[in-house]
Amino acid sequence: MMSNLFSIFDPSTNLLNIPINWISTFLGLMFIPYYFWLIPNRHFFFWNFILNKLHNEFKTLLKNKYFNGSTLIFISLFSFILFNNFLGLFPYIFTSTSHLTLTLSISLPLWLSFMLYGWINNYQHMFIHMIPQGTPPILMPFMVLIETISNIIRPGTLAVRLTANMIAGHLLMTLLSSTSTNLPTYLIMMLIMIQILLLILESAVAIIQSYVIAILSTLYSSEVN
């Protein structure tokens with residue numbers, strides 16, 4: 001039962017055993033041609049408004065470490081995850097963000113680059129950051145151990161947070177839809193309404209999770225300077 005249930009997240013295909021459904025990860029590129037229109041449309045104005053708001057917020061979080069173009073990587077990360085989360089809500093489209101293969105591939109290189117930059121260019125600040133201000137001397141070894149562990153597990157927490165949230169909502173919708181075969185008509189109507197509400201909730205989760213990943217990545221980068 002559980003293997004059949006989780007098979008909806010199976011990335012394999014039947015065409016020469018090639019995982020072609022990973023190509024759906026790049027479907028967000030279909031929205032890029034909107035930016036090449038001579039006259040901007042409503043989609044351009046709406047998306048440009050969101051990007052400007054994100055740019056201002058990321059610039060505030062980076063504080064004095066901000067330089068021109070430093071928010072571009074976090075805005076791109078937000079856009080990429082948001083497109084993939086939303087595309088996974090459509091029927092018969094593979095949800096790539098529900099796999100640790102993708103989420104770890106995003107969070108691990110990002111975290112590793114921050115750590116290498118911080119320890120190579122500003123190692124004194126990295127050592128100081130391990131002990132919060134006002135820590136009693138007797139607790140300093142424990143605080144260094146705790147801060148080190150919390151720092152090491154950051155890419156894992158970023159990846160698992162996104163994957164778990166995507167899997168949880170999709171599994172709930174799959175479980176509810178699989179029980180509708182033997183139900184009377186009035187219960188099926190109630191089930192459809194519940195599914196619609198769950199779809200709205202999943203749309204909100206898709207936005208929130210992409211925002212959370214981008215914000216946390218920005219905060220992690222601001223700590224290494």
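Tell me, which residue of region 127-140 that is in contact with a helix residue (DSSP H, G or I) (Cβ under 8 Å, 6 or more places away or on another chain) and of a type in the set (Val, Ile, Thr) is surrounded by the fewest Cβ atoms within 10 Å (Cβ to Cβ)?
Taking region 127-140 and keeping what is in contact with a helix residue (DSSP H, G or I) (Cβ under 8 Å, 6 or more places away or on another chain), we get 129-132, 135.
Checking which are of a type in the set (Val, Ile, Thr) leaves us with 131, 135.
Details: Ile131: 15, Thr135: 13.
Step by step, filter region 127-140, then rank; the result is Thr135.
Name every residue in region 98-126 that is assigned to a helix (DSSP H, G or I) and polar (S, T, N, Q), in order of residue number. Ser98, Thr101, Thr103, Ser105, Ser107, Ser113, Asn121, Gln124 - these are the residues of region 98-126 that are assigned to a helix (DSSP H, G or I) and polar (S, T, N, Q). Among the residues that make up region 112-121, is at least one of them closer than 30 Å to Leu199 by Cα and among the polar types (S, T, N, Q)? For region 112-121, residues closer than 30 Å to Leu199 by Cα and among the polar types (S, T, N, Q): absent.
State whether the residues of region 66-79 include one that is part of a loop (DSSP other than H, G, I, E, B), surrounded by 16 or more Cβ atoms within 10 Å (Cβ to Cβ), in contact with a Gly (Cβ under 6 Å, 6 or more places away or on another chain) and polar (S, T, N, Q). Checked against the condition, which is being part of a loop (DSSP other than H, G, I, E, B), surrounded by 16 or more Cβ atoms within 10 Å (Cβ to Cβ), in contact with a Gly (Cβ under 6 Å, 6 or more places away or on another chain) and polar (S, T, N, Q), region 66-79 yields no hits at all.
Look at (1) surrounded by 13 or more Cβ atoms within 10 Å (Cβ to Cβ); (2) of a type in the set (A, V, I, L, M, F, W, C); (3) farther than 28 Å from Ser113 by Cβ and you find that Met143 fails only one, number (3). Listed by first and then second residue, the pairs linking a residue in region 179-197 that is closer than 19 Å to Gly169 by Cα and at pLDDT below 80 to a residue that is assigned to a helix (DSSP H, G or I) and of a type in the set (A, V, I, L, M), with Cβ atoms under 6 Å apart and 6 or more places separating them unless they lie on different chains, are Ser180/Ile188; Ser180/Leu191.
Select from region 102-122 the residues that are surrounded by 13 or more Cβ atoms within 10 Å (Cβ to Cβ), of a type in the set (A, V, I, L, M, F, W, C) and either out of contact with any Phe, Trp or Tyr (no Cβ under 9 Å at 6 or more places or on another chain) or farther than 22 Å from Ser24 by Cβ (or both) and list them in ascending order. Scanning region 102-122 gives Leu104, Leu108, Leu110, Trp111, Phe114, Met115, Trp119.
Of the residues making up region 81-97, those that are among the polar types (S, T, N, Q) and either over 9 Å from Thr25 (Cα atoms) or outside any helix (DSSP H, G or I) (or both) number 2.
Would a scan of region 68-83 turn up a residue that is closer than 26 Å to Leu219 by Cα, at pLDDT below 85 and not polar (S, T, N, Q)? Yes; the residues of region 68-83 include at least one that is closer than 26 Å to Leu219 by Cα, at pLDDT below 85 and not polar (S, T, N, Q).
The values are calculated or read from the model by the stated rules, or taken from the named source; none is laboratory data. Just so we're clear, the structure is a prediction, and the values are computed from it rather than from any experiment. Please note: Cβ atoms are built from the backbone with ideal geometry, for glycine as well, and neighbour counts cover all protein chains shown.
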